[in-house]
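Participant: Can you read through this structure? Questions will come right after.
The values are calculated or read from the model by the stated rules, or taken from the named source; none is laboratory data. Given the structure is predicted, the values throughout are model-derived calculations rather than measurements. Note that each Cβ is placed from the backbone with ideal geometry, even for glycine, and that neighbours are counted across all protein chains shown.
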Amino acid sequence: MTDTLSRGPGDSPGLGLEADIAPDIDEPKRSSSWARYTLVKAGGAAISMVMVILLGFFAFRIIPGDPVRLLTDGRQVSPEQLDIIRDTYGLNDPLIVQFFTYLTDMLKGDLGQSFVYNQPVTELIGERIGPTLLLSGTAALLSIVVGLWIGQRAAWKRGSFFDKANTGIALILWSVPTFWLGMLVLMTFAGSLKLFPTGGMMTVASDAQGFDLFLDIAHHMVLPVLTMAAVVYAHYLMVMRASLLEEMSGDYLTTARAKGLREDLVRRRHAVPNALLPTVTLIFMALGGIISGAVTVETIFSWPGLGYLTFQSLSQQDYPVLQGTFVVFSAIVIVMNFFADLLYRVLDPRLRK
Amino acid sequence: MTLPDNKPDTLAMRMVELDGEHVHTLDGKVSARRVVWNRRLSRFREIMREVVSTPGGIAGILILAIAILVAIFAPLLAPETDLDPTKVTSGVNEPPSAENPLGTDPLGRSVLSLLVWGSRISLLVGVSATLVSMIIGTIMGMAAGHFTGVSNAILMRIIDFFIVVPSLVLAIVLSATMGPGVLTIIIAIGVTSWAGTARLVRSQTLTVESRSYIERAWALGATDWHIINKHVLPAVMPLVMANTTLAVGSAIIAESTLSFLGLGDPNAVSWGAMLKSAFSTGAATAGYWWYMLPPGLAIVFVVLGFTLLGRALESIINPTMRGR
Amino acid sequence: MSYPKSLKRLTALGVAAGVFLFSATAATAATAVVTPSAAQAKTSSADKTFKVALLNDVDTLNPFTNVLAAGANALALSYEPLVENGQKSNELTGAIADSWEVNEDGTVWTFKLGTDRKWSDGKPLTSDDVVYTFDLIMKNPDLQKSKGALVEGLSSVEAPDAETVKITLSEPQAANPGVQIPIVPKHVWEKIDDKAAFANDKDAVSSGPYTIETYGKSSGITMATNPNYWRGAAKIDKIVFVPYKSTDAAIQALRTGEVDFVPDMTSAQFGSLENEPNVETYSGKNRRYQAVAINPGAKDKNDQPMGDGNPVLQDLVVRQAIVRAIDKSTLLDKVLGGHGTLAAGEIPSVYPDFYWKPTDSELTLSFDPAAANKMLDDAGYAKGADGIRVDKTGKPIKLRLMGRSESAAHASMAEFIKPWLKDIGIDVTVETKASGQVNEESEQGKYDMYFTGWGIEPDPDFQLSINTCASRPNADGSAGLNESNWCDPEFDKLYAAQHVELDPEKRSELVKEADKFKYTQAVNNVIWYYDSLEAYRSDRFGGFEKQPDGVGPIYGQNGPWGFYSVTPVSELEGANSESTSQNSGSSLPIGLGVGIGAVVLIGAVVAVIMRRRSSSDDRA
């Protein structure tokens, strides 16, 4: 539920839905007030955030290796120069001092200074969060629309060729490593057929403006968006299908049919909206995961976003940046989960009264 | 107009009921134990029979059987010297030929041989990492469902935290700290992917513990340990088993992703490492499809096997999931 | 039972947005065809802009704080030092200075500036600017990040008159102190308050062939031709360093003509371009070496053991046997696709003045597994039952080989080295780590063997200095810069002698002697000198001068020569550019058209099927 790595337990196609999303709903109790519910959820999110910040600091301090040596790799530097560089980044301070600086700076919105780019981390992340949201947002929307639509159709015609074919395709796509799919797509459509650019977000050094720029960006987006969406939509398809199947066993549908409603209407007016309830919540929870799942896709397609930044900082041991992306990614997921909790309560008919 | 077939599955219903029945054997009498044991054994047989009767289940079992056989008999299928670039005679990056059915890699080794040997690491890591994840997830989930008050709050916070933390980044940090290797990858995947299972198990635990026989057990003076061990664990196990099978597939993908990012074991051949090598030597640009396609297809094949089997198991164990 | 209205609205909104985005994406796929071809048409009229793929990050263009190579390469085109390395053979030649002399003991260097030197803004370049620049670096530690090591031995820099600069050293030195320090214009830099933080990314004033016009992270570096360059203005108008996130993407852009020059390719990428029309591939000899370092028993400054290297490697015979077990030419062929030069010493062949060219008889450690086995047998390392030799304490010899996790070459080489060393009875485990970790652990002697490599500067003094006993680290591993965790009094003597030898020929002999001595000690098994694999649009540009002449690289030279000499094809002698440049762009739209046609067709078929299905449903 978090990202491509843990496309994992509790997140597998066709897994028990209620268990997946409902557990938190019984705590706080259903009868509790809106305010109390929101407060408890917000409190939980805040605690998670604090833990992320703590982990963000210490995790990147225990990685062995002196990042400053990397900066000066293979160049003429004196030990004195190294010391100057270490001082610039506060690496000569005791750990506790570094931690305190980290905390106070973070409260000011300052995530430190990148070793490699000589630029504030906040600025670096600010530059890249837009492209990441654009890419993941488009991929998410596309996969939601396609996934839900096919999902409900497949459920409605369970056992049909349409159902079998689509469930089969979804299961196969589910089993594909995203980065490999990206490589194949890149090799085929950008490499051999030359239909799309091989990477980046826009044609470099072009002075396209306005609508031309929009077209240019969209052209660059096609392959990464399709790669991301291909794996994710399978998830939504399976969830929607399972959810609708359960809904279809409800007595009220039989009642509706008995009343003489057309099959089509039964589906559109009754079953689908009710099946959407758990699905929408689940999707919201998974959104944060999609964003951080961008690491491999952005790397393959050189998309100038947070995921690619994370990968680069990893190979360059740019701790402040890694730390920053870690905190930001986690924050996005935490916020999304919080919204999912709220949304669930808003949408759940049992809870709304 | 057809109505969805939603007749409750009798076998599975019986299973749940059986679990409910044996509540009263609070003491550990040998005979009672044997009865329970036999019951579980026959239940396992029934489940397997059901799995084999579904097309998905049988496909999954077949795929996994092939993969496991290939992994076990790798030395027979491809001599280990095939992996030694100093012993091979073929040129580098050769397209498929009679001698090398899948061509050669950038060091002149047969891609087919690499593929055969790579199955070992992928299966080993997938299964082991999932076991780690399942053990942590089951324990944490049962504890979070069983206990109340402060300990529950703390457990829930920990689970929630592991759900939100970007596991890829966390796994990267773990790998960097412990040094790349098979064990590192197993731990990194296991430690970062258990939270979903914990949620699942917790919710199942809550359901089980709300049943009346648990209240009776409490009334008879059962300890926490007894309740968890004798009632909750057996009730969540089937779900965990199905979940495990599904999770192995995800763990295999995770292994390939970490290897691709350069955190794999440099001393062993794995499918992820093959893809990394293909990517970093520019195989994509050069059009060496025979080095890029097979490892990825192998991953898809095995992951699909685990997913199909897992879904078949799940639909049998969880009656409300039938036919999904 | 009713269902929430909000939910319905939500669904409708989601669907609408999705459909819009999808169609927008699809539509753009179609329309974007126009963009590249249109852009091409535009640029062909102004074909004097040379576009270079920028593949690595630029940290800063501030010449005092720049560390990373991508920025350094642009700065080399822009800021001249007093003396630079010539295009023919990396020989020293005048840049800002016309001539120079040194007193007998090598402590006072006097430079005569050229009379016609001007800044790009037209102001004269005088000795004042030179003294100002040296003073900035020497007096402000914040400005030493880039060039601090070069001013360490300087005691004063003076300007007796407007055309003379006198540099006084605290100790004699043979290396010219006027190279590599980029001279900046005083009239610009004295107005800057925080010089260390100055980005220098807009309309910079400098004296080299090009000046920095603009720099942005996504737009790259744009450099304009300096009309006042004393060797004469370059033949093009502009150089643009265009950022690409991966070499693959840059190669694609080269194929479509979006970029004119791509450096630093892998051999597979290089090979894929060899038959590409209008693209010329070029493999130039580089100044970087690749080696396997063998830990001879690391020690700190106080001669105390450090790190955890296997003690068996302290035996010279074992190290030499390891070197003899590794087949360099196979590695060069298989791993590098032959794009390199076999090596023995560290100083590469691109520096003919200092390159030790070994004769066959001097290659005492050439590949010979039988000889290696015999050496180990004779030294008393018997093979155990499993074929692994045991050391003097009876333990099997198991060694670690450390490499960088992101390096494909390290992984590939390790695959070969493992079985080769097994052949001489040594077991090897490969460990891959992040670059920073490899650096740190190697510095602290925590390795048995590891992959290493250095880019060698034109003057060998620095490279030799990091092999002296004085360069070893403190006990805690800090302040160390030792290349191979090795030191030997004999080498120190050679280093000290060349350091002050003012006679170029004698110095050259001493340097070669030192390099050869290190080779015999088998602490750093230098395998090859890399080639630079480059490619450019031969339908647009040519005339690149290589350094050294004819064999060296075009990009990343010690000096501006490669890009200073770039010439539009229309100005090259005997050029006929018209016919070749036409057909390159047209294949793209056709391919796209076919692709879009296919997609539309599939979409239509799917739509028809869907329609059928839904109508049959309704009937049921």
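Participant: Working carefully through the options C:SER361, C:SER349, C:SER329, find the one that is of a type in the set (Gly, Ala, Ser), assigned to a helix (DSSP H, G or I) and within 28 Å of the chain's Cα centre (by Cα).
Facilitator: Checking each option against the conditions leaves just C:SER329.
Participant: Against the condition surrounded by 21 or more Cβ atoms within 10 Å (Cβ to Cβ) and charged (D, E, K, R), how does C:LYS433 come out, does it pass?
Facilitator: Yes; evaluated as a whole, the condition is true for this residue.
Participant: Oh, and also: Only residues that are more than 10 Å from chain A (Cβ to nearest Cβ) and either within 16 Å of the chain's Cα centre (by Cα) or crowded, with 24+ Cβ neighbours inside 10 Å (or both): list them for the range C:237-246, please.
Facilitator: C:ILE239
Participant: Tally time: how many residues in the range C:504-547 are among the small types (Gly, Ala, Ser), within 29 Å of C:VAL292 (Cβ to Cβ) and out of contact with any Asp or Glu (no Cβ under 6 Å at 6 or more places or on another chain)?
Facilitator: Of the residues in the range C:504-547, 3 are among the small types (Gly, Ala, Ser), within 29 Å of C:VAL292 (Cβ to Cβ) and out of contact with any Asp or Glu (no Cβ under 6 Å at 6 or more places or on another chain).
Participant: Same structure, new question: Working only within the range C:468-500, note down all residues that are assigned to a helix (DSSP H, G or I) and under 24 Å from C:ILE181 (Cα atoms).
Facilitator: Matches in the range C:468-500: C:SER471, C:TYR495, C:ALA496, C:GLN498, C:HIS499, C:VAL500.
Participant: Scanning for something assigned to a strand (DSSP E or B), surrounded by 17 or more Cβ atoms within 10 Å (Cβ to Cβ) and either of a type in the set (D, E, K, R) or modelled with pLDDT under 90 (or both), does the range C:57-80 turn up at least one residue?
Facilitator: no
Participant: I've got another one for you. Condition check: under 28 Å from the mean Cα position of the chain (by Cα) and at pLDDT 90 or above. Does C:PRO489 satisfy that?
Facilitator: Criteria not met by C:PRO489.
Participant: Please give the helices (runs of 4 or more DSSP H) falling wholly within the range A:62-123 in which 1 or more residues are at pLDDT below 70 and facing chain C (nearest Cβ under 9 Å).
Facilitator: Filter on the range A:62-123 gives A:67-71, A:79-88.
Participant: Do any helices (runs of 4 or more DSSP H) entirely within the range B:126-199 hold 3 or more residues that are within 7 Å of another protein chain (Cβ to nearest Cβ), and if so, which?
Facilitator: In the range B:126-199, B:149-164, B:167-178 are the helices (runs of 4 or more DSSP H) which contain 3 or more residues that are within 7 Å of another protein chain (Cβ to nearest Cβ).
Participant: Which one of A:LEU195, A:LEU226, A:LEU213 is under 23 Å from A:LEU141 (Cβ atoms) and touching a helix residue (DSSP H, G or I) at 6+ places or on another chain (Cβ under 6 Å)?
Facilitator: Result of the check over A:LEU195, A:LEU226, A:LEU213: A:LEU195.
Participant: Look through C:ALA298, C:ALA321, C:ALA250 and report the one residue that is touching a residue at least 24 places away in the same chain (Cβ under 8 Å), buried (at least 24 other Cβ atoms within 10 Å of the Cβ) and farther than 28 Å from C:PRO348 by Cα.
Facilitator: Being touching a residue at least 24 places away in the same chain (Cβ under 8 Å), buried (at least 24 other Cβ atoms within 10 Å of the Cβ) and farther than 28 Å from C:PRO348 by Cα holds for just one of C:ALA298, C:ALA321, C:ALA250, which is C:ALA250.
Participant: If you don't mind, there's one more thing I want to ask. Are any of the residues in the range A:153-164 facing chain C (nearest Cβ under 8 Å) and either under 19 Å from the mean Cα position of the chain (by Cα) or within 24 Å of B:ILE252 (Cα to Cα) (or both)?
Facilitator: No, every residue in the range A:153-164 fails to be facing chain C (nearest Cβ under 8 Å) and either under 19 Å from the mean Cα position of the chain (by Cα) or within 24 Å of B:ILE252 (Cα to Cα) (or both).
Participant: For C:VAL279, are the conditions met, namely being among the hydrophobic types (A, V, I, L, M, F, W, C), surrounded by 23 or more Cβ atoms within 10 Å (Cβ to Cβ), closer than 30 Å to C:LEU331 by Cα and in contact (Cβ under 8 Å) with a residue 12 or more places away in the chain?
Facilitator: no
Participant: Here is a follow-up. Among residues belonging to the range C:158-196 that are of a type in the set (A, V, I, L, M, F, W, C) and not in a loop (DSSP other than H, G, I, E, B), point out the one that is nearest to the other protein chains (Cβ to nearest Cβ).
Facilitator: Top of the filtered list is C:VAL179.
Per-residue answers, yes or no, for (1) within 7 Å of another protein chain (Cβ to nearest Cβ); (2) aliphatic (A, V, I, L, M):
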position	(1), (2)
C:ILE388	no, yes
C:LEU399	no, yes
C:GLU406	yes, no
C:ALA409	no, yes
C:SER412	yes, no
C:TRP420	yes, no
C:GLY425	no, no
C:THR432	yes, no
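Participant: Can we say A:LEU265 is surrounded by fewer than 23 Cβ atoms within 10 Å (Cβ to Cβ), within 13 Å of chain C (Cβ to nearest Cβ) and either modelled with pLDDT under 75 or outside any helix (DSSP H, G or I) (or both)?
Facilitator: Against the criterion (surrounded by fewer than 23 Cβ atoms within 10 Å (Cβ to Cβ), within 13 Å of chain C (Cβ to nearest Cβ) and either modelled with pLDDT under 75 or outside any helix (DSSP H, G or I) (or both)), A:LEU265 does not qualify.
Participant: Of a type in the set (Ser, Thr, Tyr), loosely packed, with under 15 Cβ neighbours inside 10 Å, outside any loop (DSSP other than H, G, I, E, B) and at pLDDT below 95 - does that describe any residue in the range C:531-544?
Facilitator: no
Participant: Please work out if A:VAL327 is under 20 Å from A:ILE63 (Cα atoms) and over 11 Å from the mean Cα position of the chain (by Cα).
Facilitator: yes
Participant: While we're on this one: With (1) in contact with a helix residue (DSSP H, G or I) (Cβ under 6 Å, 6 or more places away or on another chain); (2) part of a helix (DSSP H, G or I); (3) surrounded by 24 or more Cβ atoms within 10 Å (Cβ to Cβ) as the list, and B:LEU263 as the residue in question, which single condition is left unmet?
Facilitator: Evaluating B:LEU263 over (1) in contact with a helix residue (DSSP H, G or I) (Cβ under 6 Å, 6 or more places away or on another chain); (2) part of a helix (DSSP H, G or I); (3) surrounded by 24 or more Cβ atoms within 10 Å (Cβ to Cβ) leaves (2) as the failure.
Participant: Turning to a different aspect of this structure: Filter the range B:268-310 for residues that are modelled with pLDDT under 85 and assigned to a helix (DSSP H, G or I); which is farthest from A:THR296 (Cα to Cα)?
Facilitator: Checked the range B:268-310; the qualifying residue farthest from A:THR296 (Cα to Cα) is B:ALA286.
Participant: Which of the residues spanning the range C:448-467 are over 16 Å from the mean Cα position of the chain (by Cα), crowded, with 21+ Cβ neighbours inside 10 Å and assigned to a loop (DSSP other than H, G, I, E, B)?
Facilitator: C:ASP448, C:ASP459, C:PRO460, C:ASN467
Participant: Could you count how many residues in the range C:108-157 are part of a loop (DSSP other than H, G, I, E, B), away from chain A (no Cβ under 14 Å) and under 17 Å from C:VAL83 (Cα atoms)?
Facilitator: The qualifying residues number 7.
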